[in-house]
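Here the structure comes first, spelled out in structure tokens, and everything after it is commentary.
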Amino acid sequence: MSEKDRTVGKWVALALISLLVSLSAISLPAGPAVAADGDPLINEFVFNHDGTDTHEFIEVFGAPDTDYSAYTLLEIEGDSSGAGVVDGVFPVGTTDGNGFWTTGFLNNEIENGTVTLLLVEGFTGSLGDDLDADNDGVLDTMPWTRIVDDVAVHDGGSSDHTYAAVTLTRGFDGVSYTPGGASRIPNGTDTDAVADWMRNDFHGAGLPGFTGTPEPGEALNTPGAVNEEAVPSGPGITPIHDIQYTEDPSGDSPYVGQTVTTRGVVTAFFYDGRNRRFFIQDGTGPWSGLFLYNPDGFLNVGDLVEVTGEVSEYYGLTEIAFGEATVLSSGNPLPDPAVLPTGEVSQEQWESVLVRVENVTVTEPDLGYGEWLVDDGSGGVRVDDLGTYSYAPNAGDLLDFVQGPLYYSYGHFKIEPRDDGDIGIAPPLVSICEIQGSGFTSPYEGQTVRTQGVVFADFDQTSKRGFFIQFENCDGDPATSDGIFVYKRNRDDVVSVGDLVEVRGTVQEYYDLTEISTYVSNITVLSEGNPLPEPVDLNPPFDDDAARAYLESLEGMYVKMDDATVVGPTSRYDETWVVRSDLGLDRVFQDDPAGTGEVVGVDDSGLFEITPEAKVGDRVLGLLGPLDYTYGAYKMQLVAEPTLLPAPDPPKYGDVDGDGDVDLDDLAVIHQHLGETVPPAPESADLNGDGRITGRDIAAFLRLLRQVWVKPMEFTVATFNLENLFDTVDEPEKDDPVLSAEDYELKLDKLAEAIHDELGEPTIIGVQEAENLTVLADLAARPEIEAEYGAVLVDGPDGRGIDVGLLYRTDRVTVLGYEARQGCTTLVDGFGPDGNRDPRNPVNEITCDSDGDGVLDGNRLFSRPPLVVHLQVRYAIPRWGSAQPHTWRHRRSQELWVIVSHFKSKGGDTPEVEYTLPRRIEQAQFVAGLVQEIQAADPKAAIIVLGDLNDYLDSEPLTVLTSAGLEDLLLDVGKPERYTYIYQGRSGVLDHLLITPNLRRGFVGVTPLHINADYPNVYADVADTARRSSDHDPVVARFRIKR
């Protein structure tokens, strides 16, 4: 179902309601209108305002004192690959005596980018649901009975989507920036049109604590109250909108012959030595302009004037002639012109309004009397010469824009440029390699250009919404790319592979991808069936800087990799990471001294993708397509179907019966097949690989069992990032995903499989990303887990509600005490629980005292404060039992301190700046201080620091910890196995186990269990396997209790 189709019912319903109201002659009381069908409306919203967004809100308007609990407000993400995800769920309550209900003020809960608000009835979905899984701009899933109202904001992102019948764009009212909020003016107006809405004052006029800068054409912020314009017309004032607005086919004003007083800002003045012509405007949008002929008074552009006079129609032009004008103020900003297609300009609603047409061609240079015609492909509009400009039109001239007030005379609407600044002359033809330049950003960024190239990849109908062109051997300079991506703002399919095209549009760096943004009307096919450029065989160098320069020089070009090896599995975003197979690499390590530049991504936004999803070690043949740049990395978009050659995936060694773990059941299977050959005996029973099941296989299994089983005097400690273990309940004031019962069951099943089958039910498990104590209790109660576990967790201030915690075996561990420890920092980085999450414009609320002087001067250091747990670990009763229980009555034990940590992620960093690093360094310093605090009280204390520290072995935060005397056990792991996480094809250690030196004597060994990082995301949906139970590999270490 298309977005248009799904709103038809709403429009039909509104039309029928309007008809019924008129037939019944219903008389409504004075004051705000109420929806005739009894449905509430989205009446006002604020997503973004000046400073930190502490006063976001959404207002619903309906009948007074009415229970609207059957309705739900949904915030739908619209930005790029996240489009369609339900980012906010706000159940509607009961309106007050005036018919208003609001969410209350929200603090940074609503996105500032492209967002859709839906008011729906009968919502059955959940927060986090992806309603547009293929990101094509059409909702695939609609978990509601009907949409009651909708409105969207679009910030201009080229791959963004909205899902509403009404979308407020940057220029919806002629103002160039994205609206942060908007109100229905008049209050409750609903015609399913953009004109129903007026942007709110971005600087907060009307909000508590804000002075604001209200201007004409803006609304006040009025949560829970009647919407009103920021600069009201005043008593006795007739708004320009009312003077101009008409539904009469003649276009005549309903005020013709009446004397009125109105106000507006002077936008243009033309004088020919005899006639003085002024245009004034009140705000922006249709019906907002008015023509003044020879007013009484001296006026200048920018004056706010009050004019009194008789409204007349001068040959179809609504005007006030010879009116009395009073200047109220001077130097006022002019309203932004309404940007319109040329074919939509000549309408009564735009008469006397500042308008602008862009990327136009002069089609008729001389219509007589100084008039000429321009067209952007949607139909022509006249341009006149009341103003003074030097440009002389010629047929075929390309102009960036033409703007001015829209005049009407001699039966035609005409744009009247005021001066040379109102006519933008198109630049000359520029080659693709000139646009790309030799650096990482285009020297033409922000400029309108024309260029030519051959289409070699047509992604019109994919989420890319555009195509790649290349001009082969453009300048012979290997440092400049010969290709570029063309983003189409509208989706018409106008090109085919092999077309030589000329494109006219604006050069932009879209998240560092150089592209041309344009409309289909600015794309001209010069010829068809041209040969495609020869694809470049990708071979980036290892050195990171050199590789980035190499790949940038090929950005947008046709490239290939005939034989590739997967070094990063297919992710949840359908990205796979590869290197050339002839390099002989089966893994790339993050800390490779030679660099990691040889890794290239393969994405899914082209015509094909790698299927089935790939694991590390697989080979892929026939990768072919343009080299794109998205989310900070270079990636191929495919134009041909590749071939996947899966690497061998042998069963787990020793798991003879295939149930996932290694135990005596497997030994029984070996005994069952003694003396048999393979086949018919199972290959998994042939542990020594000689093709027969013999006593040697039994001996090999017993050796393995001794290695796997924990001895009575040993204990094991694991760290495991559980990756978003959320429950089925929405936690108030947290942006927590709410899982369905089925998804929650699957998540618990996979984690339990990992703990039982792979980790061997460790004595102690430090966990990260658990929502609360309940989810840990539910995990511990899973039937797959045989041991009894207790749990410790302290809720923290993380915005999503994830915390660190500890699971411990109750048969071996006694918890002596625990606490979560919070730090205070003076960093202003936008991170932490008190940050605005914008490192480029950081703000951190002052919430704590950093130096103990009693004055609040800092912000909380941790979103997930470290959990300090004091434990006593006892000898285990042998798994074969004991005939003399008194022997184990007084088992040996050891006290242990465990500090479970989860440092700030790298989210927010760029390839150039590690914005997040200073906070992780301070977090490491704080944890090192906790270790020293424990040691000060007990110099012999045995301490383990573990968790997802979100940084690598050679990083500054880890250096802080090791400099404090801690030893990182992951350094004991051989290089081929030393990784717990794979990011964009680079394997590294993010999950750490650090110990004080006094634990080294009892240290037996440490193992990262590679059950997650190497495998594609598809396994996350497969039950009865530990694979991809998380995106991190768990790590388990074994110790002997000291004697």
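The values are calculated or read from the model by the stated rules, or taken from the named source; none is laboratory data. From a predicted model like this one, the values you see are computed outputs, not experimental measurements. Glycine gets a Cβ as well: all are built from the backbone with ideal geometry, and neighbour counts include every protein chain shown.
Applying the condition of being touching a Leu at 6+ places or on another chain (Cβ under 7 Å) and not aromatic (Phe, Trp, Tyr) to region 50-59 and asking which residue is farthest from Gly830 (Cα to Cα) yields Ile58. Filtering region 130-147 to residues that are farther than 21 Å from Ser69 by Cα and assigned to a loop (DSSP other than H, G, I, E, B) leaves Leu131, Asp132, Ala133, Asp134, Asn135, Asp136, Gly137, Val138, Leu139, Asp140, Thr141. Here the condition is being small (Gly, Ala, Ser), within 18 Å of Val520 (Cβ to Cβ) and either surrounded by fewer than 17 Cβ atoms within 10 Å (Cβ to Cβ) or in the same structural domain as Tyr519 (by TED's automatic domain parsing) (or both); of Gly368, Gly379, Gly331, it holds for Gly379 alone. Of Gly206, Gly257, all but one fail to be part of a loop (DSSP other than H, G, I, E, B) and either crowded, with 16+ Cβ neighbours inside 10 Å or charged (D, E, K, R) (or both); the exception is Gly206. The residues on offer are Gly404, Gly396, and the sole one that is outside the structural domain of Glu247 (by TED's automatic domain parsing) and either aliphatic (A, V, I, L, M) or surrounded by fewer than 23 Cβ atoms within 10 Å (Cβ to Cβ) (or both) is Gly396. Look at (1) closer than 30 Å to Val120 by Cα; (2) at pLDDT below 90 and you find that Ala219 fails only one, number (2).
In the set (1) farther than 22 Å from Leu551 by Cβ; (2) in contact (Cβ under 8 Å) with a residue 60 or more places away in the chain; (3) basic (Lys, Arg), the condition left unmet by Arg450 is number (2). Do we have any residue at all in region 525-545 that's among the hydroxyl-bearing types (Ser, Thr, Tyr) and buried (at least 19 other Cβ atoms within 10 Å of the Cβ)? No, region 525-545 contains no residue that is among the hydroxyl-bearing types (Ser, Thr, Tyr) and buried (at least 19 other Cβ atoms within 10 Å of the Cβ).
Checking each residue in region 718-747 for being buried (at least 20 other Cβ atoms within 10 Å of the Cβ), of a type in the set (A, V, I, L, M) and modelled with pLDDT of 95 or more picks out Ala718, Leu722, Leu725. Residue count for region 89-119, restricted to those that are within 22 Å of Pro143 (Cα to Cα), free of Cβ contacts under 8 Å to residues at least 40 places away in the same chain and part of a strand (DSSP E or B): 2. Among the residues examined, Ser496 does not qualify as assigned to a loop (DSSP other than H, G, I, E, B), under 15 Å from Val430 (Cα atoms) and more than 26 Å from the chain's Cα centre (by Cα).
For Gly128, indicate whether it is small (Gly, Ala, Ser), under 26 Å from Gly606 (Cβ atoms) and within 19 Å of the chain's Cα centre (by Cα). So Gly128 does not fit the description; no.
Here is a yes/no grid of residues against (1) touching a Pro at 6+ places or on another chain (Cβ under 7 Å); (2) part of a strand (DSSP E or B); (3) more than 28 Å from Arg580 (Cβ to Cβ):
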site	(1), (2), (3)
Val449	yes, yes, yes
Asp458	no, yes, no
Ser463	no, no, no
Glu534	no, no, no
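The residue that is modelled with the highest pLDDT, among those in region 848-900 that are among the hydroxyl-bearing types (Ser, Thr, Tyr) and surrounded by fewer than 21 Cβ atoms within 10 Å (Cβ to Cβ), is Ser850.
Residues checked against (1) crowded, with 24+ Cβ neighbours inside 10 Å; (2) among the aliphatic types (A, V, I, L, M); (3) within 28 Å of the chain's Cα centre (by Cα):
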{"position": "Ser987", "(1), (2), (3)": "yes, no, yes"}
{"position": "His992", "(1), (2), (3)": "yes, no, no"}
{"position": "Asn998", "(1), (2), (3)": "no, no, no"}
{"position": "Val1004", "(1), (2), (3)": "no, yes, no"}
{"position": "Thr1007", "(1), (2), (3)": "no, no, no"}
{"position": "Val1022", "(1), (2), (3)": "no, yes, yes"}
{"position": "Ser1030", "(1), (2), (3)": "yes, no, yes"}
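Regarding Glu933, is this residue out of contact with any strand residue (DSSP E or B) (no Cβ under 6 Å at 6 or more places or on another chain), among the acidic types (Asp, Glu) and in a helix (DSSP H, G or I)? Yes. Inside region 452-486, residues that are touching a Phe, Trp or Tyr at 6+ places or on another chain (Cβ under 8 Å) and either of a type in the set (Val, Ile, Thr) or surrounded by 20 or more Cβ atoms within 10 Å (Cβ to Cβ) (or both) make up a count of 19.
Every test in (1) free of Cβ contacts under 8 Å to residues at least 60 places away in the same chain; (2) closer than 24 Å to Ala614 by Cα; (3) out of contact with any Phe, Trp or Tyr (no Cβ under 9 Å at 6 or more places or on another chain); (4) not aromatic (Phe, Trp, Tyr) is passed by Asp545 save one, and that test is (2).
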